[in-house]
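Peer 1: Have a look at this one before I ask anything.
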Amino acid sequence: MTIAIMGAMPEEIAPILEKVGEYKTTSYAGNNYYEAQYKGLNLVIAYSKIGKVFSTLTAATLCEHFGAKKLLFSGVAGAISSDLKVGDLIVATKLAQHDLDITAFGHPFGYVPEGAVFVESDKELNSLAYEVAKEMQKPLQEGVIATGDQFVADEARKNWIGNTFGADALEMEGASVAVVCDALNVPFFILRAISDAADMDASFSFDEFLETSAVQSAAFVMNMVDKLAQK
Ligand code: OS5
């Protein structure tokens, strides 16, 4: 079975490439895809570049061109919930686009006709994550993740996103990956380790913790892959 692992930034997939060791690099549609044999699974690994458009392209390519049957996203996020601190892990139960706004027509934020405000992630992969967390003795929170084409570094915007979507964390790619996987019936899992609090210090915190938080998330996702290989 082919399993896709994706991130948005090089730092988010570097620990995964390091762990798989050998891989074949293929360029497709302006991006690199890294294919590896790992414990009997075919892995295809990529970073999309930042934001909803690039992540949509990469997720669709992983599923349609490389034939991924499951997709795991690993990366970092800004915290909304005060329970989430730098380095903490959050798994998305559902995702929404916080910057999608046709409210002028009476629709709720995050909604377009024939779409839905929230896309739910795969319950089986999420429960597998809880098994992994237990074995790693690592706390794992679940919650709503809000996505938009904006690095949020503003308390008011962060609070608005939290209140409007009931979101616990925010980032720039998860919901677009969710829309693609949902449309293509590919079970998906979105994991993020907190790098900042989406406040006025966010860019400094992000720069300081991107690498260490990305390593946390990647290590967890590779333990999920190990579990999938055993099944
Ligand atoms: O992928 C983007 C979303 N990520 C999650 C995240 C987040 N999203 C929104 N608001 C927050 N407060 C968030 N905290 C964590 C992280 C990432 C954020 S955008 C960071 C851009 C940083 C950067 N800009 N230039 N470079 C890095 C250097 C560079 C140069 C050339 C090629 C690649 C990188």
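Any read-out appearing in this document is the output of simple, stated calculations on the displayed coordinates, not a laboratory observation. If you're wondering where the values come from, they're calculated on a predicted model, not measured in any experiment. So basically every Cβ, Gly included, is an ideal-geometry build from the backbone, and we count neighbours across all protein chains shown.
Peer 1: Pairing the Cα long axis of helix 202-230 with the longest principal axis of the chain, what angle in degrees results, from 0 to 90 and rounded to the nearest 10?
Peer 2: The helix 202-230 is inclined about 50 degrees to the chain.
Peer 1: For the pair Asp154 and Lys49, what calculated FRET efficiency results from E = 1/(1 + (r/R0)^6), where r is the Cβ-Cβ distance and R0 = 22 Å, to the nearest 0.05?
Peer 2: On the way: r = 23 Å, r/R0 = 1.06.
The value I calculate is 0.40.
Peer 1: Right, here's the next one. Relative to the longest principal Cα axis of the chain, at what angle does helix 174-183 sit, 0 to 90 degrees, rounded to 10?
Peer 2: 70 degrees
Peer 1: Specify the inter-centroid distance of segment 195-231 and segment 102-161, based on alpha-carbon positions, in whole Å.
Peer 2: About 16 Å separates the Cα centre of segment 195-231 from the one of segment 102-161.
Peer 1: In addition: Output the pairs from Lys24/Lys69; Lys85/Lys231; Lys19/Lys85; Lys123/Lys231; Lys52/Lys158; Lys39/Lys231 with a Cα-Cα distance over 21 Å in this structure; if there are none, say none. Show your work: numbers first, answer last.
Peer 2: On the way: Lys24/Lys69 19 Å; Lys85/Lys231 33 Å; Lys19/Lys85 26 Å; Lys123/Lys231 16 Å; Lys52/Lys158 18 Å; Lys39/Lys231 11 Å.
Going by Cα-Cα distance, Lys85/Lys231; Lys19/Lys85 fall outside the 21 Å limit.
Peer 1: Compute the relative contact order of the chain as a whole-number percentage, counting only Cα pairs closer than 8 Å that sit 6 or more residues apart in sequence.
Peer 2: Details: 512 pairs, mean separation 65.1, N = 231.
Averaging sequence separation for qualifying contacts and normalising by length gives 28 percent for the chain.
Peer 1: Could I ask something else about it? Calculate, axis by axis, the spread of Cα positions in the chain along the three principal axes, and write the results as whole Å, longest axis first.
Peer 2: Answer, in whole Å and largest first: 49, 37, 31 Å.
Peer 1: Trypsin sites (Lys or Arg not before Pro) within segment 73-164: which are DSSP loop residues with at most 16 other Cβ atoms inside 10 Å?
Peer 2: Working: sites: Lys85, Lys94, Lys123, Lys134, Arg157, Lys158; in loops: Lys85.
Sparse-neighbourhood loop trypsin sites (Lys or Arg not before Pro): Lys85.
Peer 1: How many nm separate the modelled label positions at Thr2 and Glu18, each set 7 Å beyond the Cα in the direction of the Cβ?
Peer 2: Distance between the two pseudo-spin positions: 2.8 nm.
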